[in-house]
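The values are calculated or read from the model by the stated rules, or taken from the named source; none is laboratory data. Just so it is clear, the structure is predicted and the values come from calculations on it, not from any experiment. Heads up, the Cβs are rebuilt from the backbone with ideal geometry, glycines too, and the neighbour counts pull from every protein chain shown. The protein model used for the area step is the full one, side chains on, heavy atoms only, and it has no ligands, DNA or RNA in it. Shrake-Rupley method; radii C 1.70, N 1.55, O 1.52, S 1.80 Å.
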Amino acid sequence: MHVLVMGAGVVGITSAWYLRKAGYDVTVVDRQSKAGLETSFANGGQISVSHAEPWANPSAPLKVLKWLSQPEAPLLFKPRLDPAQWRWAISFLSQCTASKAAYNIRQMVNLGTYSRSCLQALRDETGIQYDQLSKGILHFYTSHSEFEAALEPSRLMRELGCDRQVVDANQAVELEPALAPFKHRIAGATYTSEDESGDARKFTQALAAQAEAAGVEFRYSTDILGFDHTRDRILGVHTLKDGLHETLRADSYVLSLGSFSAILARQLGLPLNIYPAKGYSITVPVKNEDAAYEVSLTDDEYKLVYSRLGDRLRIAGTAELNGYSRDLNPARCRAIVRRCAELMPDAGYWDDASYWTGLRPATPSNVPYIGRSHYGNLFLNTGHGTLGWTHSCGSGSALAEIVQGRRPEVDFAFTGLA
């Protein structure tokens, strides 16, 4: 059996890895020159089961309304004459009930816990290195109202097996001394000791190398144009490389193209409700080891995450719903640097920040599409939003089980499974 995986980001590469382990011949196709060069390139670096509260929650509509006029807002919606954007936005609002938010938290915690275990097992098996740290994730709050709003989701996560413990400012500083300069501003915090961090691009490219050594074929610098298909089966994928058109054929196909999955799926009549949420990150050299954090951090009020990647600091966050442009917005870049320099002035060389932006494939619920489509041999592994790195190994492992005709062990709402 031959499986063709469309996409060489972290989700596509983990899919290819687990499919190869299951005994399939696997080909990966991607428009970039190597793996991990799009949304996996410079993300926040967190393996964050604890980051399972969906954007769509009861408090979101008022926040989004308030943020419409703020160019530096954590979540910025820029209305466009784009039916896909408005369909996404209307569906997002429909997800903002307490019951739907609780359901979506359950989906993300279950998948996240399973995926973190898969990552740890893969790391033990392969010895892969990617600046990983297993020091947990500390969510800190400088707003009392934001801290109070986090208590109920944290309780629900603990019930689901994600041990997200509530701590005070003194305990937060004991866990991460880099927070000491602004301890007086910390309204409260939560800590999840089992969460991790690491460089998603290093992981993706290292795993791609191991997959290639195990027999996976890679076709880089290859554009995917469309499909040859019948009413219920995919017969081939039309591609373009160096001006030459080719139709690649396999027994089964996996769609894992991030935000671009929705565009390609429309050719098949598959209405995937995925819209790009442009995120930003900065990477800076460590300035002062004593002032730089090692525990991965989440600044919930500003929707920023902080990870230590060896001698680098990575800070990422915000979301801009404004189409497929990856142009940098200088105001949003400056806002991230300003917040970091304000909280931890001596941690990094903030004036030397490298900027990056990528398109996170967001669904309105924050729950990805994983499983079989209504085409019998087309499988979905896409729409992971901000949690692609967190959910990648579990998604790839579960997808390989589904391709084999088995139900994965994780309790999750997979597509195409009754």
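At-a-glance table
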{"quantity": "Answer from Leu417, Leu359, Leu343 - the residue that is under 18 Å from Gly36 (Cα atoms) and among the aliphatic types (A, V, I, L, M)", "calculated": "Leu359"}
{"quantity": "Residues located in region 67-105, provided they are among the small types (Gly, Ala, Ser), over 23 Å from Ala316 (Cβ atoms) and outside any helix (DSSP H, G or I)", "calculated": "Ser69"}
{"quantity": "Failed item in (1) open to solvent by 50 Å² or more (accessible area, probe 1.4 Å); (2) of a type outside the set (A, V, I, L, M, F, W, C); (3) over 24 Å from Asp311 (Cβ atoms); (4) touching a residue at least 40 places away in the same chain (Cβ under 8 Å), with Thr190 passing the rest", "calculated": "(1)"}
{"quantity": "Residue in region 219-238 that is over 24 Å from Ala265 (Cα atoms) and open to solvent by less than 70 Å² (accessible area, probe 1.4 Å) present", "calculated": "no"}
{"quantity": "Strands (runs of 3 or more DSSP E) (entirely within region 306-418) containing at least 2 residues that are at pLDDT 95 or above, hydroxyl-bearing (Ser, Thr, Tyr) and open to solvent by 10 Å² or more (accessible area, probe 1.4 Å)", "calculated": "354-362"}
{"quantity": "Enumeration of residues in region 139-148 that are within 23 Å of the chain's Cα centre (by Cα) and over 11 Å from Ile186 (Cβ atoms)", "calculated": "Glu146"}
{"quantity": "Residue count, region 11-32 (criterion: touching a helix residue (DSSP H, G or I) at 6+ places or on another chain (Cβ under 6 Å), open to solvent by less than 10 Å² (accessible area, probe 1.4 Å) and of a type outside the set (Ser, Thr, Tyr))", "calculated": "5"}
{"quantity": "Single unsatisfied condition, Phe92 versus (1) farther than 30 Å from Arg123 by Cα; (2) hydrophobic (A, V, I, L, M, F, W, C); (3) surrounded by fewer than 22 Cβ atoms within 10 Å (Cβ to Cβ)", "calculated": "(3)"}
{"quantity": "The lone exception for Asn170 - which of (1) open to solvent by less than 80 Å² (accessible area, probe 1.4 Å); (2) more than 24 Å from Asp411 (Cβ to Cβ); (3) touching a residue at least 12 places away in the same chain (Cβ under 8 Å) it fails", "calculated": "(1)"}
